[in-house]
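Here is the structure we will look at, set down as structure tokens.
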Amino acid sequence: MTKLAANASAGSEGRSAADCVVVVGTQWGDEGKGKVVDLLAAHFAWIARYQGGHNAGHTVVVDGKRFILQLVPSGILRPHCKAVIGNGVVVDPQALVEEIAALEQAGVSVDGKLFLSQRAHVILPYHRMIELAAESAPGRVKIGTTSRGIGPTYEDKMGRRGLRVIDLYDTELLRAHVANAVAEKNAVAGALYGAKPLDAGRMFEDYRELSERIRPLVRDTAQLLNQAAAEGESILLEGAQGTLLDIDHGSYPFVTSSSTTAGGACIGTGLAPTRIRGAIGVSKAYATRVGGGPFPTEEQDGRGAALREVGREFGSVTGRPRRVGWLDVPLLRYAVTLNAIESLVVTKLDVLDRFDEIPVCVGYRREGRPVDEIPATVAELERLEPVYESLPGWRQSTAGVTALAALPARARHYLDFIAERAGAEVGMISTGPERHQTIVVPGSRLERLLPARLAALSR
Ligand code: IMP
């Protein structure tokens with residue numbers, strides 16, 4: 001080997017795929033990733049969020065205690081885990097401070113366990129002002145956002161006029177940034193939407209104070225994670241929202257403003273693609289969507305109401321009733337492809353317990369002709385006619401079941417059908433909100449993707 005080659009190979013040591021696994025939602029968010037990440041976190045040293053902000057709402061139930069996490073990765077509930085809010089996340093410091101306070105009140109300390117990227121962009125009150133005003137402006141497409149200022153913050157980031165966490169600690173920069181941005185946003189929001197102006201001086205003071213409260217968390221998290229990976233430590237990358245809300249691959253413009261798919265995990269943390277060993281996709285046993293946009297399998301009759309009621313399908317962030325419908329296999333296949341999902345986690349199986357028949361969308365037609373691709377426009381997505389296959393219901397409780405063999409044969413058939421049609425195994429099934437209400441499929445790829453302790457959870 002030449003000296004150059006020897007140096008190069010020495011330099012690349014530890015840079016192969018590490019124990020980094022991504023968990024993504026395969027639908028429009030709310031698939032139950034919070035519980036799944038909390039569960040898988042038992043096997044990882046680090047958990048990192050890579051996109052989104054406090055538009056996300058991950059509900060985790062531990063010993064009857066319900067936690068709603070919005071910014072803080074669900075792994076924080078595991079004493080051994082270190083949690084990272086990556087550079088790809090947009091952070092409302094007020095929301096972060098409140099979430100940490102709620103965690104500490106519930107006995108979960110974040111000291112020395114939670115780290116925030118210095119490169120993450122900051123949500124300021126004018127982002128919310130602009131979003132609220134724009135969403136209700138006549139003639140604008142109503143996305144039905146969570147009104148957290150997420151989109152306008154990403155706009156400023158990409159427009160190279162954003163404020164990053166690190167900038168909060170340069171007092172003069174902060175003062176000037178807030179003064180200039182408030183003047184500009186007040187002018188725009190006032191002229192276009194008649195919004196009430198915001199006070200720059202007060203905002204500067206508020207953010208200076210908030211910045212001190214989050215200062216102990218701020219780090220170069222890309223460096224932290226890369227060092228951890230190089231030392232062989234495992235990292236779980238936690239996606240928020242879902243594949244179909246991805247800014248590029250989702251049902252644009254009815255999407256969120258970040259890359260929710262597995263590729264976003266690299267950009268949003270600073271870990272390279274070669275570090276990632278695989279992706280796990282989370283799907284509900286049926287489908288839900290909050291906000292506007294196409295939803296080919298939406299069910300608006302009484303069965304839809306039953307799904308919503310039994311599945312308690314109300315947004316954990318906004319409380320809005322979720323739109324509900326049947327599992328859409330072509331969209332699931334799309335998510336499997338985009339994320340190279342090796343294993344699926346199917347959640348809320350028990351919500352289907354009461355149905356005699358369960359429709360599953362297995363394809364689409366348009367004007368009678370089969371459609372093979374997922375259309376790129378909303379107009380075409382809305383013209384799709386789903387083709388359903390009806391699977392027999394099991395009419396038996398699966399709530400809390402912890403072993404595959406204990407599931408009714410028809411429920412197992414339903415899961416086999418999903419796996420076969422989606423092109424990815426079902427490696428885990430969630431049968432209730434608690435950690436133990438879970439089935440890990442013995443011998444699954446999911447088991448192999450993770451350290452051995454997981455198998456013990458299902459027994
Ligand atoms: P935004 O992310 O607030 O800009 O909202 C854009 C779209 O994404 C809206 O349809 C929201 O309802 C949806 N959305 C954002 N976050 C979540 C989530 O965590 N779960 C489900 N839908 C979400």
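The values are calculated or read from the model by the stated rules, or taken from the named source; none is laboratory data. What you are looking at is a predicted structure, and each value in this text was computed from that prediction instead of being measured. Cβ: placed from backbone, ideal geometry, glycine included. Neighbour counts: every protein chain shown. Please note that ligands, DNA and RNA were not included when accessible areas were found on the heavy atoms of the full protein model with its side chains. Shrake-Rupley method; radii C 1.70, N 1.55, O 1.52, S 1.80 Å.
Test each condition in (1) within 16 Å of the ligand (Cβ to nearest atom); (2) crowded, with 21+ Cβ neighbours inside 10 Å; (3) of a type outside the set (A, V, I, L, M, F, W, C) for S316 and report the one that comes out false.
For S316, the failing item is (2).
So, in region 142-163, how many residues would count as being surrounded by 23 or more Cβ atoms within 10 Å (Cβ to Cβ), out of contact with any strand residue (DSSP E or B) (no Cβ under 9 Å at 6 or more places or on another chain) and among the aliphatic types (A, V, I, L, M)?
0
Mind telling me which of the residues A200, A229 ends up being of a type in the set (A, V, I, L, M), at pLDDT below 95 and open to solvent by less than 60 Å² (accessible area, probe 1.4 Å)?
A229
Look at P330 and say whether it is modelled with pLDDT of 95 or more and either under 30 Å from A228 (Cα atoms) or more than 11 Å from the ligand (Cβ to nearest atom) (or both).
yes
Is one or more of the residues making up region 164-172 in contact (Cβ under 8 Å) with a residue 40 or more places away in the chain and either outside the structural domain of I214 (by TED's automatic domain parsing) or surrounded by 22 or more Cβ atoms within 10 Å (Cβ to Cβ) (or both)?
yes
State yes or no: is P197 within 16 Å of the ligand (Cβ to nearest atom) and within 12 Å of Y126 (Cβ to Cβ)?
no
Is it true that Q241 is surrounded by fewer than 21 Cβ atoms within 10 Å (Cβ to Cβ) and either in contact (Cβ under 8 Å) with a residue 12 or more places away in the chain or closer than 30 Å to L415 by Cβ (or both)?
Spelling it out, it is not the case that Q241 is surrounded by fewer than 21 Cβ atoms within 10 Å (Cβ to Cβ) and either in contact (Cβ under 8 Å) with a residue 12 or more places away in the chain or closer than 30 Å to L415 by Cβ (or both).
Given the condition more than 16 Å from the ligand (Cβ to nearest atom) and open to solvent by less than 60 Å² (accessible area, probe 1.4 Å), answer yes or no: does some residue in region 252-262 qualify?
Yes: region 252-262 contains one or more residues that are more than 16 Å from the ligand (Cβ to nearest atom) and open to solvent by less than 60 Å² (accessible area, probe 1.4 Å).
When you look at D350, is it in contact (Cβ under 8 Å) with a residue 12 or more places away in the chain and either small (G, A, S) or buried (at least 16 other Cβ atoms within 10 Å of the Cβ) (or both), yes or no?
For D350, the condition - in contact (Cβ under 8 Å) with a residue 12 or more places away in the chain and either small (G, A, S) or buried (at least 16 other Cβ atoms within 10 Å of the Cβ) (or both) - is met.
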